[in-house]
Amino acid sequence: MALGTDNRLKSNISSPLSKRPMAPMVKQGAVDDVNNNVLAGVSGAGRMASQQMGGRGISSGRGQQSRADMAQAMADAKAQQQVQQNNMAASAENQARSLAYDTAMRGEQIQNQGLLDSLTNVRRSEQMSGLNRGNDLSEARQRGMLGLNQIYLDRTPLFQSLLQGLF
């Protein structure tokens with residue numbers, strides 16, 4: 001039993017497997033900044049159209065104001081369309097990055113599993129070869145014993161007669 005251990009240290013150490021890292025995404029703040037710049041860029045379109053329609057000494061009337069309002073509305077609509085396209089592009093980019101990241105992670109998992117399976121197969125192969133060596137050794141021992149058991153005296157009549165003549 002250890003004395004003076006501080007178990008609080010374990011809670012401060014995070015396991016690398018505890019949280020899954022995320023793919024780098026397009027930040028929504030950056031997309032919002034671009035969108036704000038697009039919207040701010042068209043804010044004076046109506047006034048600019050009104051100034052372009054007017055000439056020296058010509059006062060602006062309701063028709064000119066109507067066309068300026070129409071120009072502002074068109075610019076606002078185009079800006080909103082650009083904002084939506086920016087949002088969709090950012091979303092598509094995030095999806096593509098997420099898919100690429102998930103595919104890479106899954107590929108690594110499959111590769112690691114293949115390595116583990118390969119190591120397991122090597123270990124099993126070594127175990128089987130050890131069993132085969134043991135079986136081969138046992139079989140060789142049994143053949144040797146069988147060979148020794150098969151040694152018998154020659155009892156053919158010629159050899160028997162020779163043996164009887166000596167005794």
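The values are calculated or read from the model by the stated rules, or taken from the named source; none is laboratory data. Bear in mind that the values here come from a model prediction, so they are computed numbers and not experimental data. Neighbour counts are summed over all protein chains in view; Cβ atoms, including those assigned to glycine, are modelled from backbone coordinates with ideal geometry.
Here are a few things to note about the model shown:
- Given (1) at pLDDT 85 or above; (2) part of a helix (DSSP H, G or I); (3) of a type outside the set (Phe, Trp, Tyr), number of the condition Gln64 does not satisfy: (1)
- If you go through the stretch 17-61 and keep only what is under 30 Å from Glu108 (Cα atoms) and either modelled with pLDDT of 80 or more or of a type in the set (D, E, K, R) (or both), you end up with Lys19, Arg20, Pro24, Met25, Val26, Lys27, Gln28.
- Pair list, Cβ < 8 Å and 6+ apart or interchain, from the stretch 98-110 residues that are under 16 Å from Val26 (Cα atoms) and at pLDDT 90 or above to residues that are surrounded by 11 or more Cβ atoms within 10 Å (Cβ to Cβ) and not acidic (Asp, Glu): Ser98/Ala23; Ser98/Met25; Ala100/Ala23; Tyr101/Ala23
- Filtering the stretch 85-123 to residues that are surrounded by 11 or more Cβ atoms within 10 Å (Cβ to Cβ) and over 17 Å from the mean Cα position of the chain (by Cα) leaves Gln85, Asn86, Asn87, Ala89, Ala90, Ser91, Ala92, Glu93.
- Any chance Gln81 is loosely packed, with under 15 Cβ neighbours inside 10 Å, at negative phi and out of contact with any Cys (no Cβ under 8 Å at 6 or more places or on another chain): yes
- Scanning the stretch 21-51 for residues that are in a loop (DSSP other than H, G, I, E, B) and in contact (Cβ under 8 Å) with a residue 40 or more places away in the chain, we see that the one that is farthest from the chain's Cα centre (by Cα) is Val26.
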